[in-house]
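The values are calculated or read from the model by the stated rules, or taken from the named source; none is laboratory data. For clarity, every value in this text was computed on a predicted model and none was experimentally measured. Cβ: placed from backbone, ideal geometry, glycine included. Neighbour counts: every protein chain shown. Side chains are part of the model used for accessible areas, which takes the heavy atoms of the whole protein and leaves out ligands, DNA and RNA. Shrake-Rupley method; radii C 1.70, N 1.55, O 1.52, S 1.80 Å.
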Amino acid sequence: MPNPSFNSRKPISVHALSIFVSLFFSAIPHSALKIPPPLPILPLPSASQLQWQLSSMALFLHFGPNTFTDSEWGTGHASPSVFNPTLLNASQWVHVTKEAGFSRVILTAKHHDGFCLWPSEYTNYSVKASPWRNGKGDVVAELAAGAKEAGIVLGLYLSPWDRHESCYGKTLEYNEFYIGQMTELLTRYGDIKEVWLDGAKGEGEKDMEYYFDAWFSLIHQLQPDAVIFSDAGPDTRWIGDEAGVAGSTCWSLFNRSNAVIGGTNPQYSQGGDPHGHDWVPAECDVSIRPGWFWHASQVPKSALELLDIYYKSAGRNCLLLLNVPPNSSGLISDEDIQALQEFKELRRSIFSNNLAEKGLLTASSIRGGNDNYQFSPHNVFEESIYTYWAPEEDQRDWVLYLDLQESVSFNVLQVQEPIHMGQRIIKFHLEILSGGRWKNVISGTTVGYKRLLRFPTVQSQYLKLVIDMSRADPLISYMGLHMDRFSILSHASNTTSQIYVNGSQVLRQVPNKHSQTATV
């Protein structure tokens, strides 16, 4: 039987229903409806590249027979018996890494001498032929276990150049040998997040071809979350020097077709390419000591030297890969640990306090209107790339205005972009209100994941960050003002800032110390 109460109701007309729906939605304020985010601008980082960039710093561990023979490039003929680190403790390496504020560690599983720190089944030139652990040891396994327990990401370096194996120089045979060893490393030790290789080869060495494309395909197949480092990517690139210094302009954009492993123009590597079709961010490798392997006669860089390198690497949209070599006992030396701890304390002292975050922030425009908190300028005080300030579309002025509510002294500017939306900013500058007029404090070019600019100390209550040029509407995920009481800046009148675009070098004159503007 039909429900009588239902049948007794008059049906609502289509016209009346449409009026009701219209009135309902018109009552919802415009600001309550989410505004879609701006379109990302290509190229974009992959998920693994993004996680790599967010880690900001990694520790490199050069370790092997060279540690015991006082060498840098081993001949491949040193007896395996020299390798006997009686106090080796990979957990100590991991602990030092974590305590120093690093989240990644990369081990030289095999350097150019061909000696393997794991018991490879493809050669007898490995730890199994050494007296260490009575030939039963596995450095890679011990480090992998320690890293996993501590939550530290693990990467491995397998040198393509092998000065020991007799098949080196026979292209097909050696490529098969190399792939066999790579397969061992990527299937025995759990998650490997970075595979590091280069094109190093001494003069007069046997000429042969490395099948890089086949290697890369295998690596991505066996460890899909790993990034691959080389001179030319495919996932991260060498910065072009071993001083840990990036170009003052540094794009994550790159054209891999313009790069050759072992033969890439260092200037192109340093600056990247604003017109690049590939996302290949840069990694800055440098050693805490003069050499890459431990030598008793050498001492580590000071914390202030490491801080300067940090500004010029992680502070220029790169990852800092700092080599800290274990000593012949198998431990990281006390003097290196002390330098790392002091380096950490310097960073904490400078960057733990954002002098801007209690200020009043406004913008020249906000995507979706001034009442739209989704893209509000206040997002730039949150330490996340997934919240950001976005200006209204089709604007000519891109400015963030900051009232610090009192006069504040500072000498470091930090700016970050939400790089998952693409790298956008080409040029920007910071101004302060002084003596009733706006004065330019510092100018910069690229931002990327993180840009740190140092300048002589200024004091002001009012300032503005101006984006001068951008590949698309600029987006800013973080802005910080900091006080660095440790760095000493020199401002010689004849210094220049080098900018690299498409492999060509442009020199910009830096104003002398009496100028109100510095260029970095």
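For the reader, a short list of remarks on this structure follows.
- Every pair of residues 6+ apart whose Cβ atoms lie under 8 Å, when the first sits in segment 237-255 and is within 24 Å of GLU305 (Cβ to Cβ) and among the aliphatic types (A, V, I, L, M) while the second is open to solvent by 10 Å² or more (accessible area, probe 1.4 Å) and outside any strand (DSSP E or B): ILE239/VAL245; ILE239/GLN270; ALA243/ILE309; VAL245/ILE309; VAL245/LYS312; ALA246/GLN270; ALA246/LYS312
- The residue of segment 248-269 that is surrounded by the fewest Cβ atoms within 10 Å (Cβ to Cβ), among those that are outside any loop (DSSP other than H, G, I, E, B) and among the hydroxyl-bearing types (Ser, Thr, Tyr), is SER257.
- From the list GLU242, GLU205, GLU283, the one residue that fits, being open to solvent by 40 Å² or more (accessible area, probe 1.4 Å) and under 21 Å from the mean Cα position of the chain (by Cα), is GLU242.
- Among the residues listed as SER48, SER81, the single one being touching a strand residue (DSSP E or B) at 6+ places or on another chain (Cβ under 9 Å), more than 20 Å from GLU242 (Cα to Cα), open to solvent by 10 Å² or more (accessible area, probe 1.4 Å) and assigned to a helix (DSSP H, G or I): SER48
- Test result for PRO274, in a loop (DSSP other than H, G, I, E, B) and either of a type in the set (D, E, K, R) or within 26 Å of ALA109 (Cβ to Cβ) (or both): no
- Elements of type strands (runs of 3 or more DSSP E) contained in segment 91-199, each with 2 or more residues being surrounded by fewer than 24 Cβ atoms within 10 Å (Cβ to Cβ) and modelled with pLDDT of 95 or more: 153-158
- Within segment 396-446, the set of residues being hydrophobic (A, V, I, L, M, F, W, C), closer than 26 Å to TYR386 by Cα and either open to solvent by less than 10 Å² (accessible area, probe 1.4 Å) or not in a strand (DSSP E or B) (or both) comprises TRP398, LEU400, LEU402, VAL412, LEU413, VAL415, ILE419, MET421, ILE425, PHE428, LEU430.
- Of the strands (runs of 3 or more DSSP E) that lie entirely inside segment 278-389, those containing 1 or more residues that are farther than 26 Å from ARG237 by Cα and in contact (Cβ under 8 Å) with a residue 24 or more places away in the chain span 360-363.
- Hits in segment 63-73 (condition: in contact (Cβ under 8 Å) with a residue 40 or more places away in the chain and either open to solvent by less than 10 Å² (accessible area, probe 1.4 Å) or outside any loop (DSSP other than H, G, I, E, B) (or both)): PHE63, GLY64, PRO65, ASN66, THR67, PHE68
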